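The values are calculated or read from the model by the stated rules, or taken from the named source; none is laboratory data. Keep in mind that what you see is a predicted model, and the values were worked out from it rather than measured. When we count neighbours, we look across all protein chains shown, and the Cβ atoms used for this are built from the backbone with ideal geometry, even at glycine.
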Amino acid sequence: MPQVARELLDTFAEERFFAFFGKMGVGKTTLIKEICQQLGVEDNVCSPTFAIINSYSTAAQQPVYHFDFYRLKNIDEAYDIGYEEYFYSGDWVFTEWTEKVEELLPDHYVRVEIEEHDKIRILTAKLMMCEGEDA
């Protein structure tokens, strides 16, 4: 997992918004924990399933926002928490269960898809720009 996290950070070094897609238990939170560790986050990184958002800081005191939209009942709840403030902040943003808010994603983000086939995880990451076209 450390190597995968490092490759994501290196490949998308200029990016700050990472949207994770994948079924429950496929490793989204685990990978986000590893990315945060490599960014120097010393806080306990855990899934914000009940809180919807957790906030951390990197070693350089940059904010990191970790969303888990699993418990979102409808899109209005994303508006209620003020998603725009986070999504468009320019700070690190990692989202899980992103499909529940996909229509709210910025025009520019890294889409990370994790699938599991016969106990092997396959990760695909691509830069998305302007209404879902990849770069």
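Restricting to the stretch 19-60, and then to whatever is surrounded by fewer than 17 Cβ atoms within 10 Å (Cβ to Cβ) and of a type in the set (D, E), can you tell me which residue is nearest to E102 (Cα to Cα)? Filtering first and then ranking leaves D43. Pairing each residue of the stretch 4-30 that is among the β-branched types (V, I, T) with any residue that is outside any strand (DSSP E or B), provided the two are 6+ apart or on different chains, yields C-beta distances under 7 Å for V4/L31; T29/S47; T30/M1. When N44 is tested against (1) at pLDDT below 95; (2) in a helix (DSSP H, G or I), exactly one condition is not met: (2). Residues in the stretch 48-66 that are over 12 Å from the mean Cα position of the chain (by Cα) and either within 18 Å of A19 (Cβ to Cβ) or part of a strand (DSSP E or B) (or both): T49, I52, S55, Y56, S57, P63. Looking only at the stretch 12-20, decide whether some residue is in contact with a Gly (Cβ under 7 Å, 6 or more places away or on another chain) and at pLDDT below 95. Within the stretch 12-20, none of the residues are in contact with a Gly (Cβ under 7 Å, 6 or more places away or on another chain) and at pLDDT below 95.
Scanning the stretch 1-18 for residues that are in a helix (DSSP H, G or I) and over 14 Å from the mean Cα position of the chain (by Cα), we see that the one that is surrounded by the most Cβ atoms within 10 Å (Cβ to Cβ) is V4.
For the stretch 83-134, give me the residue count where each residue is without any contact (Cβ under 8 Å) to a residue 60 or more places away in the chain, in a strand (DSSP E or B) and acidic (D, E). The qualifying residues number 2.
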